[in-house]
1. For the Cα atoms of the chain, what angle does the longest principal axis make with the long axis of helix 17-40, in degrees from 0 to 90, nearest 10?
2. Compute the acute angle (0 to 90°) between the alpha-carbon long axis of helix 2-12 and the principal axis of greatest extent of the alpha-carbon atoms of the chain; round to the nearest 10°.
3. Hey, got the dipole for the chain? About the Cα centre, +1 on K and R Cβ, -1 on D and E Cβ, debye to the nearest 20?
4. Expressed in nm to one decimal, what extension gain is obtained for the pair H13 and L27 from 0.36 nm per residue of sequence separation less their Cα-Cα distance?
5. Along the charge dipole of the chain, Cβ charges K/R +1 and D/E -1, which of G2, Q19, P55 sits furthest on the positive end?
6. Per residue, what volume in Å³ does the Cα convex hull of the chain take up?
Amino acid sequence: MGWFLRMARWVRHPPSMGQVKFVLAILAICAAIFTYEQIFGWPEALTPDRTPRVPKL
């Protein structure tokens, strides 16, 4: 029910064109990063080294 109220509010008071462009730019950046990762894989330099667990005493 809450989503319908939010949609109704957006229809009555739509966001500005600047906000729409900003959200679309963020989505495009996220899609580009996701696509790059799917094509080329995750960089090895950004993978943290696994440290062995120390047994608890």
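We did not get these values from a lab; they are worked out from the coordinates using the rules stated. Being a predicted model, the structure only gives us computed values, none of them experimental. Counting neighbours? That spans all protein chains shown, and the Cβs are built from the backbone with ideal geometry, glycine included.
1. Helix 17-40 sits at roughly 30 degrees to that axis.
2. Around 50 degrees separate the two axes.
3. Numbers: 7 positive and 3 negative charges, 90 e Å.
Using Cβ point charges on Lys, Arg, Asp and Glu, the chain gives about 440 debye.
4. Working: separation 14, 0.36 × 14 = 5.04 nm, distance 2.22 nm.
Using 0.36 nm per residue and subtracting the Cα-Cα distance, I get 2.8 nm.
5. Farthest along the dipole direction, towards plus: G2.
6. On the way: hull volume 12.3 nm³, N = 57.
Cα-based convex hull of the chain, divided per residue, equals 216 Å³.
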